[in-house]
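Trainee: Once you've had a glance at the structure underneath, I'll fire off some questions.
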Amino acid sequence: MVEDAGTTTDAPAERLPARTRRDDMRDHLPGLEPEREVTDWGRSERLEALFDRTVVEFFYRYWFRVQVEGIDHVPDRGGALLVSNHAGALPPDAPMIAKAVREEHPNPRPVHLLVEHFFKGYPGFAMLLPKIGAVPAHPANAHRLLYDEGALVQVMPEGRKATEKLYRDRYRLRRFGRGGFVATAMRAQAPIVPIAVIGAEEAAPIFAHVTALQRLTGLLYFPITPTFPHFGLLGMMGFLPAKFRIRFLEPIPTDRWGAEGADDRALVQTVAEEIRARIQDELLEMVSRRRSVWFG
């Protein structure tokens, strides 16, 4: 006796009505998350907000007590390249700058931080960074953000050299690479906003490097800080409560040189050196006026 395929559940799936097959597979589908918002860059609004509330807010408001100047120099709209000095064993300056734009600017905007590719070697860190706004440092990524998306992009031209700097060399800027950030801004016709930051050098000072332990552990470098290595890896986040001051300087328009200016290496290097000198002068002036590392 042949059973009715429309009334039995033992029939092959291909013989079941379409509605029945679809309903049976519903349990195997992932649940809907209407609140989930992830950009093409992997940035998660939910995770970034959680990280901001639980970590960045504490350091910004209560630990570093960040003081901000010239925030109106950050454009209300359109792409702009934020260029600043950089320092510290695990530098806290980048998230503080992004937080300042979100908190102090009359038109708060997200900031994308360009990070070097070596972070891919640290699985947990590499997974977190894109979720909170970091983007691999590549000219194509920067151009898309600045030109196509009209976003704010943050870059530290000193790069890794700045994070290895010893405390005795504090506030002495390293070379700004080959000026690639200037060429990127020229191609995107985006203004460059120089930024001077003091406080990070004292919050995460490095007193020495141990090359042998660096090779043994496979770390980028093995610094001796007030809290590392004696407090383990968490000691890298053992920031001292130095007072932060962030000064946004007057923007430098790049449209006057046109996109073709990016192909003039001499021009690019000259502009990069001028920006470096400008930030260096501001740092020296800010440090000279500071009465206390801890209280500003």
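Trainee: Could you check residue 148 against (1) open to solvent by 40 Å² or more (accessible area, probe 1.4 Å); (2) touching a residue at least 40 places away in the same chain (Cβ under 8 Å) and say which number it fails?
Mentor: Residue 148 satisfies all of (1) open to solvent by 40 Å² or more (accessible area, probe 1.4 Å); (2) touching a residue at least 40 places away in the same chain (Cβ under 8 Å) except (2).
Trainee: Of all the residues that make up segment 251-282, how many are within 23 Å of residue 104 (Cα to Cα) and touching a Lys or Arg at 6+ places or on another chain (Cβ under 9 Å)?
Mentor: Selection size over segment 251-282: 2.
Trainee: Please find, among 267, 240, the residue that is in contact with an Asp or Glu (Cβ under 7 Å, 6 or more places away or on another chain) and surrounded by fewer than 19 Cβ atoms within 10 Å (Cβ to Cβ).
Mentor: Exactly one of 267, 240 is in contact with an Asp or Glu (Cβ under 7 Å, 6 or more places away or on another chain) and surrounded by fewer than 19 Cβ atoms within 10 Å (Cβ to Cβ), namely 240.
Trainee: Which one is farthest from residue 144 (Cα to Cα) among residues in segment 39-54 that are hydrophobic (A, V, I, L, M, F, W, C), touching a residue at least 24 places away in the same chain (Cβ under 8 Å) and not in a loop (DSSP other than H, G, I, E, B)? Steps first, please.
Mentor: So the first thing to find is which residues in segment 39-54 are hydrophobic (A, V, I, L, M, F, W, C), and the list is 41, 47, 49-51.
In the following step, the residues that additionally are touching a residue at least 24 places away in the same chain (Cβ under 8 Å) were identified as 41, 47, 51.
Next, only the ones that are not in a loop (DSSP other than H, G, I, E, B) stay: 47, 51.
Details: 47: 23, 51: 26 Å.
This residue is 51.
Trainee: Scan segment 59-78 residue by residue and report those that are over 11 Å from residue 99 (Cβ atoms) and aromatic (Phe, Trp, Tyr).
Mentor: Within segment 59-78, 62, 63 meet the criteria.
Trainee: Still on this structure: Is it true that some residue in segment 129-140 is in a loop (DSSP other than H, G, I, E, B), of a type in the set (A, V, I, L, M, F, W, C) and either surrounded by fewer than 19 Cβ atoms within 10 Å (Cβ to Cβ) or under 14 Å from the mean Cα position of the chain (by Cα) (or both)? Spell out how you get there, then give the answer.
Mentor: Of segment 129-140, the ones in a loop (DSSP other than H, G, I, E, B) are 132-133, 137-138.
Of the ones still in play, those that are also of a type in the set (A, V, I, L, M, F, W, C) are 132, 137.
Right, trim to either surrounded by fewer than 19 Cβ atoms within 10 Å (Cβ to Cβ) or under 14 Å from the mean Cα position of the chain (by Cα) (or both) and you get 132, 137.
Within segment 129-140 (the criterion being in a loop (DSSP other than H, G, I, E, B), of a type in the set (A, V, I, L, M, F, W, C) and either surrounded by fewer than 19 Cβ atoms within 10 Å (Cβ to Cβ) or under 14 Å from the mean Cα position of the chain (by Cα) (or both)), the answer is yes, since at least one residue qualifies.
Trainee: Within segment 171-191, is there a residue that is under 17 Å from the mean Cα position of the chain (by Cα) and of a type outside the set (S, T, N, Q)?
Mentor: There is at least one residue in segment 171-191 that is under 17 Å from the mean Cα position of the chain (by Cα) and of a type outside the set (S, T, N, Q).
Trainee: I've got another one for you. Inside segment 187-224, can you point out the residues that are surrounded by fewer than 18 Cβ atoms within 10 Å (Cβ to Cβ), touching a residue at least 24 places away in the same chain (Cβ under 8 Å) and touching a Phe, Trp or Tyr at 6+ places or on another chain (Cβ under 7 Å)?
Mentor: Those that are surrounded by fewer than 18 Cβ atoms within 10 Å (Cβ to Cβ), touching a residue at least 24 places away in the same chain (Cβ under 8 Å) and touching a Phe, Trp or Tyr at 6+ places or on another chain (Cβ under 7 Å): 207, 209, 220.
Trainee: What's the total number of residues in segment 243-257 that are open to solvent by 50 Å² or more (accessible area, probe 1.4 Å) and in contact (Cβ under 8 Å) with a residue 60 or more places away in the chain?
Mentor: Qualifying residue count for the region: 4.
Trainee: For residue 64, are the conditions met, namely being open to solvent by 30 Å² or more (accessible area, probe 1.4 Å), modelled with pLDDT of 85 or more and either under 27 Å from the mean Cα position of the chain (by Cα) or closer than 24 Å to residue 126 by Cβ (or both)?
Mentor: no
Trainee: Check off (1) in contact (Cβ under 8 Å) with a residue 40 or more places away in the chain; (2) open to solvent by 40 Å² or more (accessible area, probe 1.4 Å) for residue 231 and give me the number that stays unchecked.
Mentor: (1)
Trainee: Name the residues in segment 42-82 that are β-branched (Val, Ile, Thr) and either more than 13 Å from residue 246 (Cβ to Cβ) or in contact with a Lys or Arg (Cβ under 9 Å, 6 or more places away or on another chain) (or both), would you?
Mentor: Narrowing segment 42-82 to residues β-branched (Val, Ile, Thr): 54-56, 66, 68, 71, 74.
54, 55, 56, 66, 68, 74 - these are the residues of segment 42-82 that are β-branched (Val, Ile, Thr) and either more than 13 Å from residue 246 (Cβ to Cβ) or in contact with a Lys or Arg (Cβ under 9 Å, 6 or more places away or on another chain) (or both).
The values are calculated or read from the model by the stated rules, or taken from the named source; none is laboratory data. Owing to the predicted nature of the structure, the values given are computational and were not obtained by experimental measurement. Using ideal geometry, Cβ is built from the backbone for each residue, glycine included, and neighbour counts are taken over all protein chains shown. We work out accessible area using only protein heavy atoms, side chains counted, and drop any ligands, DNA or RNA first. Shrake-Rupley method; radii C 1.70, N 1.55, O 1.52, S 1.80 Å.
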